[in-house]
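*Asks:* Structure in structure tokens, see below.
A short reminder: the numbers here are calculations on the coordinates, not readings from a lab. Keep in mind that this is a model prediction, so the values were computed, not measured. Please note: Cβ atoms are built from the backbone with ideal geometry, for glycine as well, and neighbour counts cover all protein chains shown.
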Amino acid sequence: MLPGAPAFAQLAGPAEVADGDTLSVAGLRVRLHGIDAPEYRQTCERDGASWACGEESARQLRALVEGGSVRCRTRGSDNYGRMLGVCEANGIELNRAMVANGWAIALREYSQDYVADEVRAKTARLGIWSSSFQLPQDYRHASEARAEAAARPAPQRIVSPRASVPGPMGRCAIKGNRNRRGQWIYHLPGMPYYEATRAEEIFCTEAEAQAAGYRRAIVK
């Protein structure tokens with residue numbers, strides 16, 4: 001909860017739009033209750049091409065509030081400290097209009113108020129429903145996972161060629177290297193690309209390679 005902001009309150013004033021379901025009213029950040037819009041940098045795909053559906057969703061909300069005062073009935077706050085509210089501007093309820101016009105989806109786990117509006121928008125292929133798209137919450141989770149992975153330090157490996165070390169079948173011949181995606185994989189003799197693979201480590205057994213953090217190359 002934001003300091004000084006009651007759980008249930010009336011807010012009114014000019015608004016500044018952040019994305020298709022978030023705006024600032026009277027200096028307070030408000031998340032439109034019961035709906036979920038594409039994130040600002042999210043893209044959708046239509047006719048084989050991507051388009052900036054997140055930016056367009058934000059533009060649509062901005063058009064609804066432009067030139068008028070926004071009034072919100074708040075109902076607590078979310079995990080990010082934003083007030084949750086049902087807001088209106090120029091005589092239009094923003095939450096419902098965004099879903100009804102296809103620029104946001106109904107967030108069913110928190111409200112059933114806008115499910116019928118979503119069904120009609122989807123049937124008419126309005127807004128983002130004219131595209132294929134990732135659910136906003138899935139997009140957020142994927143973005144968070146990528147950020148966490150990028151923040152983790154790359155694994156440190158000690159490369160020690162062991163081509164002459166004897167194994168159960170004579171010379172060790174399993175080649176381990178890092179592919180173009182940064183994944184550590186290993187190749188067995190006879191597998192495609194084995195001969196072309198430059199070994200960064202040599203293993204005697206698959207178990208040994210897996211224990212070192214490698215996975216078997218995928219053969220297509």
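*Asks:* Please work out, to two decimal places, the log10 of the ratio I(q)/I(0) at q = 0.14, 0.16, 0.21 Å⁻¹ from a Debye calculation in which every Cα of region 10-140 carries one identical scatterer.
*Replies:* -0.55, -0.73, -1.24
*Asks:* Sticking with this one: What net charge is computed for the residues neighbouring Arg180, neighbours being all others with C-beta under 14 Å from the C-beta of Arg180, Lys and Arg scored +1, Asp and Glu -1?
*Replies:* My count for the surroundings of Arg180 gives +2.
*Asks:* Tell me, what is the FRET efficiency for Arg215 and Ala149 to the nearest 0.05, using R0 = 22 angstrom and their Cβ-Cβ distance as r?
*Replies:* 0.85
*Asks:* For the chain, modelled as a Gaussian network with Cα springs under 10 Å, which listed residue fluctuates most, Pro136, Pro192, Pro38?
*Replies:* Pro192
*Asks:* Output the peptides 10-20, 142-152 sorted from most to least packed, where packing is the average of other Cβ atoms within 10 Å over each peptide's residues.
*Replies:* Output ranking for 10-20, 142-152: 10-20, 142-152.
*Asks:* Would you please calculate the Kirkwood hydrodynamic radius of region 166-216 over all C-alpha pairs and express it in Å, rounded to one decimal?
*Replies:* Taking the inverse mean of 1/r over all distinct Cα pairs, region 166-216 comes out at 10.9 Å.
*Asks:* How big is the chain in terms of Cα radius of gyration and Dmax, in angstroms?
*Replies:* So, for the chain, Rg and Dmax equal 26.4, 82 Å respectively.
*Asks:* Is it possible to state the helix-based mean residue ellipticity at 222 nm for the chain, with each DSSP H run of 4+ residues giving -39500 (n - 2.57), the sum divided by total residues, to the nearest 500 deg cm²/dmol? What is it?
*Replies:* Working: 5 runs with 51 residues, N = 220.
When only DSSP H runs of four or more count, the value is -7000 deg cm²/dmol.
*Asks:* Related question: Charges at C-beta only: +1 for Lys and Arg, -1 for Asp and Glu. How large is the resulting dipole of the chain about its Cα centre, in Debye rounded to 20?
*Replies:* 780 debye
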